[in-house]
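Q: The structure that follows is given in the form of structure tokens.
The values are calculated or read from the model by the stated rules, or taken from the named source; none is laboratory data. As the structure is a prediction and not an experimental result, all values here were calculated from the model. Neighbour counts run over all protein chains shown; Cβ positions are idealised from the backbone, glycine included.
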Amino acid sequence: MPTSRRQRGTRYESSDSESNNHTSRLYTPCPSVTGIIEVKGPIQTCETCNRFCTPCCFHKDSTCHNCRIVCTDGACSNNGKYGATAGIGIALGEADDQQWSLPIDDNLDPGGRRTSQRAELLAAIVGLDKVAEADGHPDNDEEECCVIIATDSEYVVKGMSEWVPTWKARGWRKSDGRRPSNLDLFRKLDEKVQTLERQNVFEKISFWRISRDFNDVADRLAKNGARLAVVSEVEYAISAFDF
């Protein structure tokens, strides 16, 4: 008999007042496993399947597969300038078929400037596609599978856990009434998250900022993707970092 979702739940915390609904996107490890994480690190590898995982409240001493870790990163050479090239890295685990190093081109980001911020957002978007292909269980009420996008990008984590809910409440505008930078990708990521949850592909999708030291696999993959990228014919101007 499958374990109920309530029994298998994972602890999530957010500064958002609606902490029990899916607008709370910030992942915070359960306090009972912080000591394990401090010793072993936030990302561990299952010896059986090579997938990345992290300890949870219910699996302190064994590998937890209830929450699927997706390590993502983006890289950009000559950031935002003419001649810039960018790539993304995604890692579900240690095996070669669980990792992707992709150059950003106009198929992946049509007409977009090549910047590190756009690369980081694209990595999260494609990362959700990859984990959905590997683990998704559409409309399956008996399987709980939570996904954690683990990245060293504060821009992605803070954007999805803090900025996006506020922008949505203002009609996708900032406090000064201006349009947020990279809004097209933030909206695409937000829509993908909501669709996967609404279709019950995953129970919950959250975002976790980890140190770059623990995101070295995705970082390496992203840099390799940027090296493989071809310079676009479009000349891109630098834009100021804009919250």
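Q: Pick out the one residue from 188, 204 that is among the charged types (D, E, K, R) and modelled with pLDDT of 95 or more. Working first, answer last.
A: Values: 204 fails: modelled with pLDDT of 95 or more.
Testing whether each residue is among the charged types (D, E, K, R) and modelled with pLDDT of 95 or more leaves just 188.
Q: Going through the range 63-120 one residue at a time, which ones are of a type in the set (Lys, Arg) and either out of contact with any Lys or Arg (no Cβ under 9 Å at 6 or more places or on another chain) or crowded, with 21+ Cβ neighbours inside 10 Å (or both)?
A: Here is the first cut: in the range 63-120, the residues of a type in the set (Lys, Arg) are 68, 81, 113-114, 118.
Passing the criteria: 68, 113, 114, 118.
Q: Quick one: in the range 31-55, which of the residues that are part of a loop (DSSP other than H, G, I, E, B) and in contact with a Pro (Cβ under 8 Å, 6 or more places away or on another chain) is modelled with the lowest pLDDT? Before you say what the answer is, go through the steps one by one.
A: Initially, the range 31-55 is screened for residues part of a loop (DSSP other than H, G, I, E, B), giving 41-43, 46-50, 54-55.
Of the ones still in play, those that are also in contact with a Pro (Cβ under 8 Å, 6 or more places away or on another chain) are 42, 54-55.
Values: 42: 80, 54: 81, 55: 72.
So, considering only residues that are part of a loop (DSSP other than H, G, I, E, B) and in contact with a Pro (Cβ under 8 Å, 6 or more places away or on another chain), the one modelled with the lowest pLDDT is 55.
Q: Answer yes or no: is there a residue in the range 208-226 that is within 26 Å of residue 92 (Cα to Cα), basic (Lys, Arg), in a helix (DSSP H, G or I) and at pLDDT below 95. Explain how you work it out, then say what you get.
A: So the first thing to find is which residues in the range 208-226 are within 26 Å of residue 92 (Cα to Cα), and the list is 208-226.
Checking which are basic (Lys, Arg) leaves us with 209, 212, 220, 223.
Add one more test, that the residue is in a helix (DSSP H, G or I), and what stays is 212, 220, 223.
Cutting the leftovers down to at pLDDT below 95 gives us 212.
Yes, that holds for at least one residue.
Q: Only one of 122, 128, 183 is modelled with pLDDT of 95 or more, under 26 Å from residue 75 (Cα atoms) and out of contact with any helix residue (DSSP H, G or I) (no Cβ under 7 Å at 6 or more places or on another chain). Can you tell me which? Full working, then the answer.
A: Numbers: 122 fails: out of contact with any helix residue (DSSP H, G or I) (no Cβ under 7 Å at 6 or more places or on another chain); 128 fails: out of contact with any helix residue (DSSP H, G or I) (no Cβ under 7 Å at 6 or more places or on another chain).
The unique qualifying residue is 183.
Q: Same structure, new question: Mind checking whether some residue in the range 62-69 is outside any helix (DSSP H, G or I), at pLDDT 85 or above and of a type in the set (S, T, N, Q)? Walk me through how you get there before you give the answer.
A: First, the residues of the range 62-69 that are outside any helix (DSSP H, G or I): 62-69.
Okay, now just the ones that are also at pLDDT 85 or above, so 68-69.
When the remaining residues are screened for being of a type in the set (S, T, N, Q), the result is none.
Checked against the condition, which is being outside any helix (DSSP H, G or I), at pLDDT 85 or above and of a type in the set (S, T, N, Q), the range 62-69 yields no hits at all.
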